[in-house]
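Novice: For reference, the structure I am asking about is given below.
The values are calculated or read from the model by the stated rules, or taken from the named source; none is laboratory data. Small disclaimer: the values here were computed from a predicted structure and weren't measured. A quick note on method: Cβ atoms are made from the backbone with ideal geometry, for glycine too, and the neighbour counts reach across all protein chains shown. Surface areas here come from the heavy atoms of the whole protein model, side chains and all, with no ligands, DNA or RNA. Shrake-Rupley method; radii C 1.70, N 1.55, O 1.52, S 1.80 Å.
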Amino acid sequence: MDWEQVREQLEAILNTPVQTTRWAWDAWRHEAEKHKAEPGGEGGSLIREGRLLFLAQKEGQEALLLTIQADAVSPVERRLVELTLESRKTQDKEPLSLVNEEERKAGMVRDWLRTQQELGLTQAEMPDALVTQLSLYSKKIPLLLYGDYTTSRRAHDRELKKLLESFFDADMTLIPLTDKEWLILGSEKIMSMDSGDDKEDSDGETLEDRLAAVGYGLHEMLENEWVGECHLAIHYPIMPAKSLYAAVLQLRETMMLGRTYHVGSNMHLPWELQLERLVHVVPEAEKASFLEHVLKRLDVAFDAETMTTLEQFFQLDCNVSETAKKLYIHRNTLLYRLDKFKHETGLDVRTFNNAVLVKIAMLLYKVTKRK
């Protein structure tokens, strides 16, 4: 178990420094015997020289201890820490053979994916042996998760897998790709986990709607229950034996496009990034030339208010009334902004051709300005 992570979590919760130390096991047992009469003294915790000592675990002939200034925590907090540590130790006693076997299989798939990438391939079918190892015979929904956190808050695969299976109430396949990147595979049943019996509402949903619901629901849970900020991309259902490698490449591309062209968005859907995919492959010189010809006064035309207005306008299919409602402004105020933009650029976004030009220019401008 990563006790350093536990130490950091306790430190953040208790808002006081938590340190680790090691004693000889016999010395700890001797000291614990002397404190049997006090709460926790049976081996969970004890107070010595103004420090509160918690037993984390026995490691050979040593005791790993977490220490806190005794007067910095209340008796209730002391008991809660004892219970937390006991729960952690209980979880760590799971059948290691089963856990290690799952990790071994996932590692084999990760290594195979990495090998195909090093070879520069764009398509590759999984060997039958790997398909059999993880029972990847039926359709799966692939998701790519990237934890946008510091290395000191490193997440653990076992904890993440438990969280995923608890959220979906289904078996999930988790394949760690890097320290901060995971491939998640779930059955098609996860798309119907929230639909219940309301068939009337679900009948009008597209496959994209259901996949988006899965993605947004999972992302919200991960940010609240896991390690904070993260990015998530989802893919259409695939047959892993045929398409897993290609799906991983496409998921990584989807996440790259989303993070490049939509800074601030953490859920990335491939069907919403079609234009971004086309624009991204245009040579840099051509991008600059396009912007120069389409928009002469970029910084004036694309101030923060105008960018927000146009993004909402395009998101709502250039509907003036709906955009005004979304922005909480009067319809005439929106028309004034659009007319002002037309006056400054010569482009009327209420016409189809000009709207397309401005949409592309906005995508390019956001990227070139950051550079």
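Novice: Of the residues 296, 342, 287, which single one is open to solvent by 70 Å² or more (accessible area, probe 1.4 Å) and touching a residue at least 40 places away in the same chain (Cβ under 8 Å)?
Specialist: On the way: 342 fails: touching a residue at least 40 places away in the same chain (Cβ under 8 Å); 287 fails: open to solvent by 70 Å² or more (accessible area, probe 1.4 Å).
The match here is 296.
Novice: Shifting gears a bit: Pick from the stretch 91-101 the residues that are assigned to a helix (DSSP H, G or I) and open to solvent by 80 Å² or more (accessible area, probe 1.4 Å): which of them is modelled with the lowest pLDDT?
Specialist: Step one: of the stretch 91-101, the residues assigned to a helix (DSSP H, G or I) are 91, 96-101.
Among the residues that remain, those that are also open to solvent by 80 Å² or more (accessible area, probe 1.4 Å) are: 91, 96-98.
Working: 91: 58, 96: 47, 97: 54, 98: 50.
Among those that are assigned to a helix (DSSP H, G or I) and open to solvent by 80 Å² or more (accessible area, probe 1.4 Å), it is 96.
Novice: Now for a different question. Hey, which of the strands (runs of 3 or more DSSP E) in the stretch 125-241, taking only ones fully inside, have at least 2 residues that are surrounded by 14 or more Cβ atoms within 10 Å (Cβ to Cβ), at pLDDT 95 or above and among the hydrophobic types (A, V, I, L, M, F, W, C)? Explain how you work it out, then say what you get.
Specialist: Values: elements: 140-147, 173-178, 181-187, 230-234.
So the answer is 140-147, 181-187, 230-234.
Novice: I would also like to ask the following. Scan the stretch 242-279 for residues that are touching a residue at least 12 places away in the same chain (Cβ under 8 Å), open to solvent by 70 Å² or more (accessible area, probe 1.4 Å), part of a helix (DSSP H, G or I) and within 28 Å of residue 341 (Cβ to Cβ) and jot them down.
Specialist: 259
Novice: A further question follows. Under 7 Å between Cβ atoms, at least 6 apart or on separate chains: pull out the pairs that start in the stretch 97-121 with a residue that is farther than 17 Å from residue 181 by Cα and end on any residue that is modelled with pLDDT of 90 or more.
Specialist: 116/124; 116/245
Novice: Condition first: open to solvent by 70 Å² or more (accessible area, probe 1.4 Å), touching a helix residue (DSSP H, G or I) at 6+ places or on another chain (Cβ under 7 Å) and free of Cβ contacts under 8 Å to residues at least 40 places away in the same chain. Can you find one or more residues in the stretch 350-359 that meet it?
Specialist: Kept after step one, since they are open to solvent by 70 Å² or more (accessible area, probe 1.4 Å), are these residues of the stretch 350-359: 350, 352-353.
In the following step, the residues that additionally are touching a helix residue (DSSP H, G or I) at 6+ places or on another chain (Cβ under 7 Å) were identified as 350.
After this cut, where a residue has to be free of Cβ contacts under 8 Å to residues at least 40 places away in the same chain as well, the list is 350.
Looking through the stretch 350-359, at least one residue is open to solvent by 70 Å² or more (accessible area, probe 1.4 Å), touching a helix residue (DSSP H, G or I) at 6+ places or on another chain (Cβ under 7 Å) and free of Cβ contacts under 8 Å to residues at least 40 places away in the same chain.
Novice: Sticking with this one: Being under 30 Å from the mean Cα position of the chain (by Cα), exposed (fewer than 14 other Cβ atoms within 10 Å of the Cβ) and at negative phi is the filter here, so list the residues in the stretch 299-330 that pass it.
Specialist: Selection gives 304, 305, 308, 315.
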